[in-house]
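This report refers to the structure that appears directly beneath it.
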Amino acid sequence: MLGKIIGSLSTGKTPCNPSIHIVDMCAGDGLGYGEKEWSSPGIIAKHVHSSFYGSNRIKLRTAHLFELEEQTFARLRARFGTVSQLTLENRDSKGWTLNNINVKPNDCVFIYADPNAITTLPVTEELIASFTPTTLFLMTLGCNVGGCKRLPREDRDQWMKTSIRVLDGAHRNHDILLIWLERDSSQWAYLSAVPRVWSADTLADSIKAGRKLWPSGVDGLSLRINGRNAIVEKFKDLFLTKTEIDQQPS
């Protein structure tokens, strides 16, 4: 997704300034994984410095990476501390907002939040309120990692309200996509804001790619295509137990 955003900025045909601010709210140690051994800091470092036809049109590329755990941060710093345009911070990103950095009107912003579980999702009402009309994001929702659904209903209701707040704050030029793994005990899901013109292709491509990686399949919904109610009902499935859903008034 980040590569597509960078590529679009290079055309000079987006509503954004030729500038992008990238925020990784849960950077980890930057150790790569998978066939290509990529990590989110590695992907960000690549795109902050990528050179290709038209890339000279992008006048500013910066990134802010957060990691709370001290030893993990030390490994992150060892891997990426010398990469220019990357600012590394050893702190909790919860409570941080876009007001903390110099984002000009119409600058492109991309926020990535990939916590180990929904319990540590750093997305707050204040962060959502600071989103600009040109802010895109990708958030990971691990809704039952380690048995999160055994936690108090009040906690899970708050996470669901935050997710709905993201949904309801969608800019008219954006779409919100919810993509999830089928028959997954940890109930991993991904919530993303993309340009509306990318919506149908991004949803289809994400489901197709996910099905190659997850044997039980991947499915998804679009705010613009499927509607708000469909996504809210899926949020209930992700955040609530079957008994709690059955007990809700019809």
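The values are calculated or read from the model by the stated rules, or taken from the named source; none is laboratory data. All values derive from a computational prediction rather than experimental measurement. Note that we place each Cβ from the backbone using ideal geometry, even for glycine, and neighbour counts take in every protein chain shown.
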Practice item. Quick one: which helices (runs of 4 or more DSSP H) lie wholly within segment 162-250 and hold at least 2 residues that are among the polar types (S, T, N, Q)? Key: 199-213
Exercise for review: Considering each of Arg153, Arg172 in turn, give the residue that is within 28 Å of Val109 (Cα to Cα), modelled with pLDDT under 95 and of a type in the set (D, E, K, R).
Suggested key: Arg172
Exercise for review: Could you identify the single residue in Asp246, Asp155 that is free of Cβ contacts under 8 Å to residues at least 40 places away in the same chain and touching a Cys at 6+ places or on another chain (Cβ under 9 Å)?
Suggested key: Asp155
Review point. So Asn90 clears everything in (1) crowded, with 20+ Cβ neighbours inside 10 Å; (2) touching a helix residue (DSSP H, G or I) at 6+ places or on another chain (Cβ under 9 Å); (3) modelled with pLDDT of 95 or more; (4) under 23 Å from Asn116 (Cα atoms) except one condition, right? Which one?
Key: (1)
Point to revise | segment 34-46, residues that are surrounded by fewer than 11 Cβ atoms within 10 Å (Cβ to Cβ) and either among the basic types (Lys, Arg) or part of a strand (DSSP E or B) (or both) | key: Lys36
Check your understanding: Considering segment 220-248 alone, what residues qualify as being loosely packed, with under 15 Cβ neighbours inside 10 Å and within 24 Å of Ile5 (Cα to Cα)?
Key -> Ile225
